[in-house]
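Data first, discussion second: the structure below is written as structure tokens.
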Amino acid sequence: MTDNEAGFDYRELDDVIHSQPRLGIMSILVVIKEAQFVYLKERLGMTDGNLGTHLRKLEDSGYISVEKSFVERKPRTCYTITKKGRRAFEIYLKQLGKLIEGTEP
Amino acid sequence: MKPENQESAGSPSQEESIIDQQQAAQDLHYIRQVIEQTRWMTMLSKSIFFIWGIVIWLLVFLTYAFHLELVGLSSPTPPAYINWLEWAILTFAFVYTVVHLMRIRRHRVQDGGQAIRADNRILGFVWIGFTVNALLLTYFGPLILGFLNVTGIHSGMRFVGLSASLAYALFVTSGLNELRVLKWVAMVCWLGAALLLFTPEEWVLFIFGLFVGTGFLVTGMVLHHQSKVSHDG
């Protein structure tokens, strides 16, 4: 069975989520309420610049929201997944599942 | 993963489909790993390990303070409220654990794929198995032996079984969630189980608390430190 017969083309996956760093960010944020920049950086083993770029792309698409504040005079940046982002992630997972099921005889 | 600028063009060939399906399986595996690690590191880890570490030490303390006959030493009858206190502590820890596990389930992505559900099912069975072992070794076993008037069995053997069961559950959990620290706690529990074989009966509970209770507390502290990273940014 091909993808088309399974009713889904792999290339139709959401481009915003479909990159390993962004997938990692989304996977963390669907589990916890909020994550700080440093936490995401350590968990995903990324540089500041690289992580910042991917976070901005997710933020621009409305998948995550950011809140900046100061705690004890230190800047604190918190990221949270939005309803739109959670929905997009669920659709993405469904599409992956559908694609994998297509491999079964 | 798909390259950033790849555009969709036409229908995929069968060869492309097979590659895509393999890629999809890898993607799903990656998502599963990140979700499982996050869930265990943030929600379960911080509190449940602390709670059970403290509970084990409290119960060891209460036993040595009020139930010396249980460890082979003579003692006056403990006040009635001590028994209630011990049950209240155990009930609190049990309810706390169940509530936390339910919270984790609620946060779970509903369509997280078969791999995530399979891992959760395995973990569920492993920990249910441990709970059955624990109840058999600490409550029903002694109850049945008492009912049958069976004596002369080294009570330390129960705690050897309990430590070894706990070590096994932690070891499997460590493998499924790739949390290295749990593997070390499992080793400590196994070491404790081995030492208990040679421990005089009156010191069995103390050694059990030392290895298992402290093992839980140390795990809680290590994982707390890991998750604290998110508050220092």
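Some observations on this one:
- Residue within the range A:81-93 that is in contact with a strand residue (DSSP E or B) (Cβ under 7 Å, 6 or more places away or on another chain) and either crowded, with 17+ Cβ neighbours inside 10 Å or part of a helix (DSSP H, G or I) (or both) present: yes
- Test: B:Gly220 is in a helix (DSSP H, G or I) and either buried (at least 19 other Cβ atoms within 10 Å of the Cβ) or among the aliphatic types (A, V, I, L, M) (or both): yes
- If you filter the range B:178-233 down to residues that are at negative phi and among the charged types (D, E, K, R), you find that the one that is modelled with the highest pLDDT is B:Lys183.
- Single unsatisfied condition, B:Met43 versus (1) modelled with pLDDT under 85; (2) out of contact with any Lys or Arg (no Cβ under 7 Å at 6 or more places or on another chain): (2)
- Candidates in the range A:55-80 are the residues that are crowded, with 20+ Cβ neighbours inside 10 Å and of a type in the set (Ser, Thr, Tyr); of these, the one that is nearest to the other protein chains (Cβ to nearest Cβ) is A:Tyr79.
- Of the helices (runs of 4 or more DSSP H) that lie entirely inside the range A:17-77, those containing 1 or more residues that are closer than 26 Å to B:Leu28 by Cβ, of a type outside the set (Val, Ile, Thr) and out of contact with any helix residue (DSSP H, G or I) (no Cβ under 9 Å at 6 or more places or on another chain) span A:48-60.
- Pairing residues of the range A:16-36 that are more than 15 Å from A:Ala88 (Cβ to Cβ) and more than 7 Å from chain B (Cβ to nearest Cβ) with residues that are in a loop (DSSP other than H, G, I, E, B) and of a type outside the set (Gly, Ala, Ser), at Cβ distances under 8 Å and at least 6 apart in sequence or on separate chains, gives A:Pro21/A:Met46.
- Any hit, the range B:158-172, residues being surrounded by fewer than 21 Cβ atoms within 10 Å (Cβ to Cβ) and in a loop (DSSP other than H, G, I, E, B): no
The values are calculated or read from the model by the stated rules, or taken from the named source; none is laboratory data. Given the structure is predicted, the values throughout are model-derived calculations rather than measurements. So basically every Cβ, Gly included, is an ideal-geometry build from the backbone, and we count neighbours across all protein chains shown.
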